[in-house]
Structures are given as structure tokens and as C-alpha cells.
Amino acid sequence: MDFFTKIGDFIESTQVIEQFKAVDAAGLFSNPWFLVPLICLLGYLLYKQNFKEIVMLVIIFGCWYISGTEYMNTLIVDDEIQLAKVLPVVFGAACILGIVIYMYFGRSD
């Protein structure tokens with residue numbers, strides 16, 4: 001447990017969570033230093049026909065976008081979890097997990 005405490009303290013001291021919350025998505029996707037490598041990566045994955053990785057990138061960017069919405073900010077109000085709002089998030093996460101498991105373990109190429 002001491003190991004996880006040290007990791008938690010390190011993350012808190014570097015303020016990584018606040019940095020993720022402060023990301024400007026519109027500015028990020030209009031920045032050529034981000035867009036050019038992203039487009040090159042997508043082009044390479046299309047060239048190699050590696051659709052699993054493209055779907056994974058879409059899922060990662062989708063989860064990142066959804067985590068910054070107002071809906072996610074209202075999941076916890078006054079230190080209480082709003083159960084009616086958490087259940088759709090849990091079912092959505094289960095669907096995404098099902099897709100990932102199916103892509104990597106359920107079918108063969």
C-alpha cells in the first residue's frame with residue numbers, strides 16, 4: 001500500500017489531474033504540432049489496414065471528450081454520487097469494454 005501512496009503523492013505533486021482538466025481541446029485540434037503527427041499516424045494505420053488501432057484511438061479520444069462534458073461534472077454533487085447519472089456511464093463503459101474485448105479476443109483476422 002505504501003507503493004500506491006507514493007504514486008498518488010507523486011501524481012498530486014505534479015498536478016497532472018489539473019493539467020488534464022485545463023486542456024483546450026479546440027486549441028489542441030487546431031495546433032499543427034498535434035495535428036500533423038495525428039494525421040500521419042492515422043494515414044499509416046490506414047495504409048497498414050490496422051483498424052483495431054484506429055478504433056482504439058477513436059475510443060480513447062471519445063472517452064477523453066466525454067470526460068470533460070458538463071454531464072460528467074454533475075455526477076458527484078455535494079460529495080454524493082448521483083446514482084441516476086452514474087448508471088448510463090457504467091453501461092456505456094461496459095459497452096466500450098465489450099467492443100474492445102470482442103476486437104482483441106473474440107474474432108480472428
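Local charge sum around Glu70 (other residues, Cβ-Cβ under 14 Å, Lys/Arg +1, Asp/Glu -1)? Can you show the working numbers first?
Numbers: positive: Lys21, Lys85; negative: none.
Surrounding charge for Glu70 is +2.
Can you tell me the dipole magnitude for the chain around its Cα centre, using point charges on the Cβ only (Lys, Arg +1; Asp, Glu -1), in Debye to the nearest 20?
Using Cβ point charges on Lys, Arg, Asp and Glu, the chain gives about 640 debye.
Explain nothing, just the number: relative contact order of the chain, from Cα pairs under 8 Å at least 6 residues apart, as a whole percent.
The normalised contact order for the chain reaches 16 percent.
Where does each of 7-15, 56-64 land if you order them by average Cβ count within 10 Å, highest first?
56-64, 7-15
Among rounded, prolate and oblate, which fits region 30-69 when a ≥ b ≥ c are the square roots of the eigenvalues of its C-alpha gyration tensor, a/c under 1.5 means rounded, and a/b larger than b/c means prolate?
oblate
Over the chain, what percent of the accessible surface lies on carbon and sulfur atoms, probe 1.4 Å?
69 percent
Using a 1.4 angstrom probe, figure out how much accessible area region 10-109 has per residue, in square angstrom, rounded to the nearest whole.
82 Å²
Rounded to the nearest 500 deg cm²/dmol, what is the calculated helix-only ellipticity per residue at 222 nm for the chain, with -39500 (n - 2.57) per DSSP H run of length n ≥ 4?
After summing the helix terms and dividing by residue count, I get -22000 deg cm²/dmol.
Any idea what angle helix 83-101 forms with the longest principal axis of the chain, computed on alpha-carbon atoms, 0 to 90 degrees, nearest 10?
Tilt of helix 83-101: around 30 degrees.
To the nearest 10 degrees, how steep is helix 32-47 against the longest Cα principal axis of the chain, on a 0 to 90 scale?
Between the helix axis and the principal axis of the chain, the angle is about 50 degrees.
So what's the net charge close to Leu42: Lys and Arg +1, Asp and Glu -1, counting the other residues with Cβ under 15 Å from its Cβ?
Summing Lys and Arg as +1 and Asp and Glu as -1 gives +1.
Considering the Cα positions of the chain, please state its Rg to one decimal place and its Dmax as a whole number of Å.
17.7, 50
The values are calculated or read from the model by the stated rules, or taken from the named source; none is laboratory data. None of the values given here were measured: they were computed from a predicted structure. FYI the Cβ positions are ideal-geometry reconstructions off the backbone, even for glycines, and counts take in every protein chain you see. The accessibility values were calculated without ligands, DNA or RNA, using every heavy atom of the protein model including side chains. Shrake-Rupley method; radii C 1.70, N 1.55, O 1.52, S 1.80 Å.
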